[in-house]
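First comes the structure, then the notes that go with it.
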Amino acid sequence: MKRKNDEFKFIGLDGFSEIESITPEPIEKSELKKPAKAKKKKADSHKALGEKLKASKKIPQPAHLEGGATEHVVYKKRVVIAVAASVTAAMLSIVTMASALDSQEEKQPQNALAPAVIKPATPDEPVTFEKAAEPETKGVSALYIDGELIGVVEDGEELKTALDGILSDAKEGYDDATTTEFANKVEVKPYKGDKSAESVDDLMEYSKYMYSIKLSTDWIYEEEIPYETEITEDDSQPEGYEEITQEGQNGTKQTTLRLTFVNGDQTDAVVTDEKEISKPVKEKKIVGTAKSSENGGSGSGESTGSFMWPVPHTHSITSYMEWRWGRMHNGIDIAGGGDYGQPFVAADGGTVVWAGDDGGGYGNYVMIDHGNGYMTVYGHACELACSTGDYVSQGQVIGYIGSTGNSTGPHLHFEVRLDGEYQDPLNYVS
């Protein structure tokens with residue numbers, strides 16, 4: 001069991017006084033032998049005392065002492081003794097001092113530590129004191145928790161062994177890196193008072209309500225390292241055009257946390273180690289930068305036979321092609337935050353067969369005929385960048401995201417139709 005360093009302070013002829021100094025599951029105390037029925041009332045009393053002590057204190061924090069035992073110095077005073085002092089007076093003084101020392105010895109606390117050792121000193125040097133050795137507890141000893149006398153036992157070493165067992169049991173199921181200690185100041189000291197001794201089992205049974213156990217253990221887990229995107233601009237492609245030439249891949253790293261718990265409640269978590277397991281792979285993307293004409297009607301009208309994602313600034317989908325509000329939602333809704341006024345583009349080249357608001361639920365919308373049985377629809381725009389009859393190219397800006405028609409917020413409603421039949425857009429774009 002860990003003990004904190006003791007310090008001693010010289011206080012004059014009256015003697016010396018000792019200066020005393022982070023889901024895991026809640027920690028269970030070791031099961032000990034229950035006290036006899038005759039002592040049940042005493043155990044209940046101690047339990048109540050323990051609850052009172054715990055309620056009156058905050059979770060203890062580890063104490064940190066600076067330095068070792070403090071060396072205190074007593075300086076001799078020169079005393080001029082009257083020449084006329086008689087031998088009888090000197091002897092009387094010696095007898096009186098001896099009596100006073102005997103009296104001080106009787107007043108000394110019976111459970112105090114042995115006095116410090118005084119180093120010899122010359123007349124011109126100060127007297128110094130050394131810390132006495134830690135006393136043994138093989139005989140009658142007392143248990144103190146946060147300075148309070150809890151109980152007395154015949155064998156202090158047996159009591160210390162029982163306390164060590166409590167800390168050992170608290171680590172059961174954890175690895176070797178786990179440590180336990182009492183969060184309170186738990187001490188076993190020699191005792192010579194008049195309090196009756198009791199069994200170690202009984203004392204451990206009711207004292208378990210008076211101390212807390214601090215457990216520290218490592219938690220190791222893995223997490224992703226996000227990949228970066230490398231963008232190459234291509235002025236031969238219109239704005240909104242995107243082509244991924246290398247897929248990105250997240251990396252992984254291993255992190256070690258030192259978690260601390262007091263009676264099962266986490267009180268601290270500190271990162272003690274991080275190491276990379278796999279490196280992330282960059283995504284490489286080509287984006288078009290060629291400007292479209294102001295009215296958007298300068299495209300070729302030629303279809304490429306494939307569709308591209310229609311919203312350059314986000315790939316976030318807020319609603320899929322599925323039953324919604326009692327009817328079928330025949331497309332997907334695209335929005336990622338800050339969408340109002342963002343451009344959307346033609347998924348493929350073709351002819352604009354409608355651009356405007358016909359009073360239906362789409363609000364301002366664009367419909368493009370791609371000439372191969374496919375048509376695409378773009379709804380709820382705040383503004384359109386093309387007109388009915390225009391020819392547009394794949395990736396050309398044809399409008400700006402809004403919330404017109406039957407809409408609860410800015411987004412693009414996107415549909416794909418084949419020979420008049422609604423198709424799931426996610427089978428064509430991603």
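One table, with the values for the structure above:
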| item | result |
| --- | --- |
| When residues of the stretch 166-184 are limited to those that are out of contact with any Ser or Thr (no Cβ under 6 Å at 6 or more places or on another chain) and under 17 Å from Val200 (Cβ atoms), the one most open to solvent (accessible area, probe 1.4 Å) | Ser168 |
| Qualifying position, being exposed (fewer than 15 other Cβ atoms within 10 Å of the Cβ), among the β-branched types (Val, Ile, Thr) and within 28 Å of Ala170 (Cβ to Cβ), among Val188, Val270 | Val270 |
| Selected residue (only one of Ile286, Ile277 is hydrophobic (A, V, I, L, M, F, W, C), under 35 Å from the mean Cα position of the chain (by Cα) and open to solvent by 30 Å² or more (accessible area, probe 1.4 Å)) | Ile277 |
| Residues (open to solvent by 30 Å² or more (accessible area, probe 1.4 Å) and closer than 12 Å to Gly350 by Cα) located in the stretch 363-372 | Met367, Asp369, Gly371, Asn372 |
| Enumeration of residues in the stretch 384-430 that are open to solvent by 50 Å² or more (accessible area, probe 1.4 Å), among the polar types (S, T, N, Q) and either under 20 Å from Arg324 (Cβ atoms) or assigned to a helix (DSSP H, G or I) (or both) | Asn406, Thr408, Asn427 |
| Strands (runs of 3 or more DSSP E) within the stretch 188-264 that include 2 or more residues modelled with pLDDT under 90 and under 30 Å from Lys284 (Cβ atoms) | 229-238, 242-246 |
| Qualifying residue in the stretch 415-428 (condition: touching a helix residue (DSSP H, G or I) at 6+ places or on another chain (Cβ under 9 Å) and not polar (S, T, N, Q)) | yes |
| Residues located in the stretch 321-351, provided they are touching a strand residue (DSSP E or B) at 6+ places or on another chain (Cβ under 9 Å), in a strand (DSSP E or B) and not hydroxyl-bearing (Ser, Thr, Tyr) | Glu322, Trp323, Met328, His329, Ile332, Asp333, Ile334, Pro343, Phe344, Val345, Gly350 |
| Residues of the stretch 125-182 classified as more than 18 Å from Lys214 (Cβ to Cβ), modelled with pLDDT under 95 and among the basic types (Lys, Arg), total | 2 |
| Conditions (1) open to solvent by less than 50 Å² (accessible area, probe 1.4 Å); (2) outside any loop (DSSP other than H, G, I, E, B); number of the one not met by Trp354 | (1) |
| Hey, Thr408 in contact with a Phe, Trp or Tyr (Cβ under 7 Å, 6 or more places away or on another chain), hydroxyl-bearing (Ser, Thr, Tyr) and modelled with pLDDT under 95 or not | no |
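The values are calculated or read from the model by the stated rules, or taken from the named source; none is laboratory data. None of the values given here were measured: they were computed from a predicted structure. Glycine also receives a Cβ, built like all others from the backbone with ideal geometry; neighbour counts cover every protein chain displayed. Only protein heavy atoms, including side chains, enter the accessible area calculation; ligands, DNA and RNA are left aside. Shrake-Rupley method; radii C 1.70, N 1.55, O 1.52, S 1.80 Å.
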